[in-house]
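Just below is one structure, and these are the notes that go with it.
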Amino acid sequence: MKASETVPGPRAEDQLPHSTQAAAKIVIVGGFGVGKTTMVGSVSEIKPLTTEETMTQAGIGVDDDFGSATKTATTVAMDFGRIRISDEVVLYLFGTPGQERFWFLWNGLFEGALGAVVLVDTRRLEVSFEVMGRLEERGVPFVVAVNTFPDGPRYAVEDLRQALDLTPEIPIIECDARRRASSRDVLVTLMRFLHALMANGNLT
Amino acid sequence: MTPPQRQRRRPEPPPPPPPSPRQQPAAAGQEEEPKKPERLYTITGTDGDRAQLDLVTLIVARADPPSSATPEETAVLRLCAGPLSVAELSAYLRLPFSAMTVLLTDMLAAGTVHARAPIVRQTLPDRSLLEAVMHGLERL
Ligand SMILES: Nc1nc2c(ncn2[C@@H]2O[C@H](COP(=O)(O)OP(=O)(O)O)[C@@H](O)[C@H]2O)c(=O)[nH]1
Ligand SMILES: [Mg+2]
């Protein structure tokens, strides 16, 4: 980084008011190419930003007679957007890296999130299986948004529910991540689901 | 056409918190044995304790930059004239998230910034907050 003057900041209209007391986050997950970045971009009120993490990967399993681990540095990027809810509350949306093994890089990314949106693409449902399993293991509540790609097979919601092995209360909704209103509806569905979970005492 | 079939998983008990680097000094020149697959990866360039900063902890400047401020600190203080999340600071300063939290930990200790804790699921006070977010989104 050079002089501080060269660091761009939020545009004047993107600044949060001083009254903003707290921020919450929602994570958008799913396999590569399912539309996470698209959804963050369509519903965010700021131009999406990227936060990075650098890590070193020990070269375990590399063919090496002496067992001396090689290390490679890898940068993992996560894009995110923001929605101002009120003068006190702001909501952040994180489009997480598709590879679940990178999630731990960001403290509390899932543990602290209100909930998650799992995006699925009916052409390759299985790329989102691992992600759903991880959320279940961590007890993170989620809804499933089915991105409607024109060349994708269309399944009835109940067939999808069965294939994804989801309990009846988990919402499954169709969406077009490119459309702001559609992405907003997905987030509203998640919030209503969380609200119902809390009313039943099932939100941990 | 039949879709592929998934199998639901059960919640796992939360893993014990990782030991801090200070409690577990690695012997010099010796590779640490990875325990879980995730342990194959270590965040580069972190040392010592970091404040528990979340991606969405809001940071606010408390003071004008002291004359001793580094360019990074000066930039943080300028950007945080109003509240800004750690994630946004990391993006604008182009610093990895872990490096950003190290810098902010120092600044919090020096009292030049303060932090507003995030809203997290485990400690949601009541339904009104969920309702506020829900209604805010409905109005979009
Ligand atoms: N038809 C259609 N295309 C989409 C939709 N969402 C994303 N795409 C396209 O799918 C591609 C991958 O999306 P991207 O957001 O980069 O996926 P990511 O890897 O999950 O972040 C892009 O070319 C998008 O334009 C959708 O809802 N409908
Ligand atoms: Mg992406």
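Things worth noting here:
- Considering only residues in the stretch A:126-157 that are assigned to a loop (DSSP other than H, G, I, E, B) and at the interface with another protein chain (Cβ under 9 Å from one of its Cβ atoms), the one that is farthest from ligand 1 (Cβ to nearest atom) turns out to be A:GLY139.
- On the stretch given as the stretch A:175-198, residues that are open to solvent by 40 Å² or more (accessible area, probe 1.4 Å) and under 16 Å from A:ILE28 (Cβ atoms) total 5.
- Screening A:PRO141, A:PRO168, A:PRO150 for residues that are within 23 Å of A:THR38 (Cα to Cα) and open to solvent by 30 Å² or more (accessible area, probe 1.4 Å) leaves exactly one candidate, A:PRO150.
- Condition check for A:PHE94: open to solvent by 10 Å² or more (accessible area, probe 1.4 Å), at the interface with chain B (Cβ under 9 Å from one of its Cβ atoms), within 16 Å of ligand 2 (Cβ to nearest atom) and not polar (S, T, N, Q): no
- Selected residue (only one of A:ARG180, A:ARG192 is in contact with a helix residue (DSSP H, G or I) (Cβ under 7 Å, 6 or more places away or on another chain), modelled with pLDDT of 95 or more, among the charged types (D, E, K, R) and within 16 Å of ligand 1 (Cβ to nearest atom)): A:ARG180
- Only one of A:MET55, A:MET39 that is modelled with pLDDT of 95 or more, open to solvent by less than 20 Å² (accessible area, probe 1.4 Å) and of a type outside the set (Asp, Glu): A:MET39
- Conditions (1) under 20 Å from B:PRO3 (Cβ atoms); (2) within 16 Å of ligand 2 (Cβ to nearest atom); number of the one not met by A:PHE142: (2)
- Whichever residue in the stretch A:97-125 is in a helix (DSSP H, G or I) and facing chain B (nearest Cβ under 7 Å) and, among such residues, is surrounded by the fewest Cβ atoms within 10 Å (Cβ to Cβ): A:ARG101
The values are calculated or read from the model by the stated rules, or taken from the named source; none is laboratory data. Treat the numbers as computed from the prediction; the structure is a model and nothing was measured. Positions of Cβ are generated from backbone atoms using ideal geometry, with glycine treated the same way; all protein chains shown enter the neighbour counts. Ligands, DNA and RNA are stripped out before the accessible areas are found, and what is left, the full protein with its side chains, is counted by its heavy atoms. Shrake-Rupley method; radii C 1.70, N 1.55, O 1.52, S 1.80 Å.
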